[in-house]
2 protein chains.
Amino acid sequence: MTDTKPYHHGELRPALIDAANAIIRDGGIEGLSMRRLADQVGVSRTAPYHHFKDKNALLCAIAEIGFEAQDRMIREILDVEDDASSQALFTRWVRAYIRFANDNPQTYDLMYGKEIWKRGSPTPSLQQISKASFRLWVDLVERMQRQRVLPADHCALRTAQASWAALHGLARLLIDGIYVERQDLEEIADTVVALITRSDAN
Amino acid sequence: MTDTKPYHHGELRPALIDAANAIIRDGGIEGLSMRRLADQVGVSRTAPYHHFKDKNALLCAIAEIGFEAQDRMIREILDVEDDASSQALFTRWVRAYIRFANDNPQTYDLMYGKEIWKRGSPTPSLQQISKASFRLWVDLVERMQRQRVLPADHCALRTAQASWAALHGLARLLIDGIYVERQDLEEIADTVVALITRSDAN
DNA sequence: GTCGAAACTTGACACCGTCAAGTTAAAAAT
DNA sequence: ATTTTTAACTTGACGGTGTCAAGTTTCGAC
């Protein structure tokens, strides 16, 4: 006999996050409503509000998980530490980044989209984790500058911002479906790498 | 005596577009509701639906105007045709592009955001005008490749997509308020230019 | 065993986009 | 000039949204 709807769900918070993640994964942020979410998990409309201040807080929690997943993936790339040249490492990173955006478009949109950052407001912990994530990129850029894969005529921060803008822009074009076809993605990603890395290291 | 609310507004369509444009300009797409818009113009909730099939159609019309304004601005840059070097011309374009995004963030978001392109569906005429706008960029990139300002190891289309992704990414970071402070914008824009243009032309 | 706190529910409010049916005015046809 | 058609506009309604307030149920600590 399965438990027949006890008054206290017991595991509501994680259940909400799981369900919300699934809904967002196929349907995007627009497809997620607090009411339908609650309904799907089997609780009343307002039950989620005892675990999340509001919809924004729930979205931030999910975005955090997204950042964690992304970081995990990136770190795997870095930890390989094989014979790969710096240029190859950089290329691998870019490809991994774009692949993440391609595989999890809705999550990426949530993580870096304006739903949280402009319309809503990022949770302190989300701000922290996203900042750490960017810091990782700055570090890589600095390393690439030292090894002359990236130009060093601007400081690491600026170069990181500029180059990350290129990555992010490509991801966004892909996700929003503007000017970029999915099938051309890898080729364009390589073009981006070629564009921003020093040609003599190519 | 001013006209006291005739049954037929007479100029509803343009009035709607004007009002909607103003609402979006300060408040973004999220701030625009068909009901408030109608109310502000002084007609009933559903009156706008006689001039626009739905909200999406209205947004597309406004986005079109945005593209026209952007094109006008870009063409002004191009028509100067003074002694400027190719590199300088390119820089000027990038700066103008970013300035447009900075001055009209909400309009930019509408023009290139997923509200229309993913969640909604772009009107045929919007598709056409946005395509033409990108075509202009491809032409510039081609020219820059011939003059060795941009690398020519990938075809013009790919290079255009990649470089425009960089611009677009920067614009988006700015608009969505991620990782980029408004005051650093020009510096980052210049870094983007330095990053994607060939160093020997610098 | 009682009590307080936490988890959860129902009801309500103010919004939203838009469809259907009705009303009014202007334009076209006679 | 009168009728008819058509377009512009209105009111009413439906189903959806986020979330607040107040009430109910259950659990954990004393």
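What is the local net charge at A:Q128, summed over the other residues whose Cβ is closer than 13 Å to its Cβ (Lys, Arg +1; Asp, Glu -1)? Numbers along the way, then the final one.
Values: positive: A:K131, A:R135; negative: A:E64, A:E68, A:D71.
Combined, the nearby Lys, Arg, Asp and Glu give -1.
Please list, in order, the residues from segment B:28-57 whose amide nitrogen is less than 16 Å from a point placed 7 Å along the Cα→Cβ vector of B:H8. Residues passing the 16 Å test: B:50-51. Take the accessible area of B alone and of A alone, subtract that of the pair with a 1.4 Å probe, and the total buried over both chains is about 4100 Å².
Highest mobility in the GNM of chain A, judged by mean-square fluctuation with C-alpha springs under 10 Å and restricted to A:S133, A:S85, A:S121, is found for A:S85. If I take every Cα pair under 8 Å that is 6 or more residues apart in chain B, average their sequence separation and divide by the length, what percent do I get for the relative contact order? Worked out over chain B, it gives 21 percent. Highest GNM mean-square fluctuation among A:Q147, A:Q183, A:Q161, for chain A modelled with Cα contacts below 10 Å: A:Q183.
Taking a ≥ b ≥ c as the square roots of the Cα gyration tensor eigenvalues, segment B:60-125 comes out prolate, since a/c reaches at least 1.5 and a/b is larger than b/c.
Peptide A:186-196: average number of partner chain Cβ atoms within 10 Å per residue?
6
Taking every residue in B:173-182 and counting other chain Cβ atoms within 10 Å of its Cβ, the average works out to 6.
Would you please classify the overall shape of the protein assembly as shown from the alpha carbon gyration tensor, given that a ≥ b ≥ c denote the square roots of the eigenvalues, rounded means a/c under 1.5, and beyond that prolate means a/b larger than b/c while oblate covers the rest? Here the protein assembly as shown falls in the oblate category. Largest GNM mean-square fluctuation among B:A57, B:A47, B:A101, using chain B with Cα springs under 10 Å: B:A47. Across all directions, the average flat footprint of the convex hull enclosing the Cα atoms of segment B:1-52 is 3.8 nm². Convex hull volume of the Cα atoms of segment A:63-201, normalised per residue: 113 Å³. Beyond 28 Å between alpha-carbons counts as too far, so tell me which of A:K131/B:K114; A:K118/B:K118; A:K53/B:K53; B:K55/B:K131; A:K53/B:K55 fall in that bin. The answer is A:K53/B:K53; A:K53/B:K55.
Out of all Cα-Cα pairs in segment B:8-98, roughly what percent, to the nearest whole number, are more than 16 Å apart? Mind showing how you got there, number by number?
Values: 2471 of 4095 pairs.
In whole percent, the share of Cα-Cα pairs in segment B:8-98 beyond 16 Å is 60.
Modelled this way, with points 7 Å down the Cα-to-C-beta line, the labels at A:Y49 and B:R36 are 2.1 nm from one another. Excluding ligands, DNA and RNA, the accessible surface per residue across segment B:80-183 is 41 Å² with a 1.4 Å probe. Expressed as a whole percent, the accessible surface of the protein assembly as shown that belongs to carbon and sulfur atoms is 47, based on a 1.4 Å probe.
The values are calculated or read from the model by the stated rules, or taken from the named source; none is laboratory data. Since this is a predicted model, take the numbers as computed values, not measurements. Don't worry about glycine lacking a Cβ; one is built from the backbone with ideal geometry, like all the others, and counts go over all protein chains shown. Side chains included, ligands, DNA and RNA excluded: accessible areas come from the protein's heavy atoms. Shrake-Rupley method; radii C 1.70, N 1.55, O 1.52, S 1.80 Å.
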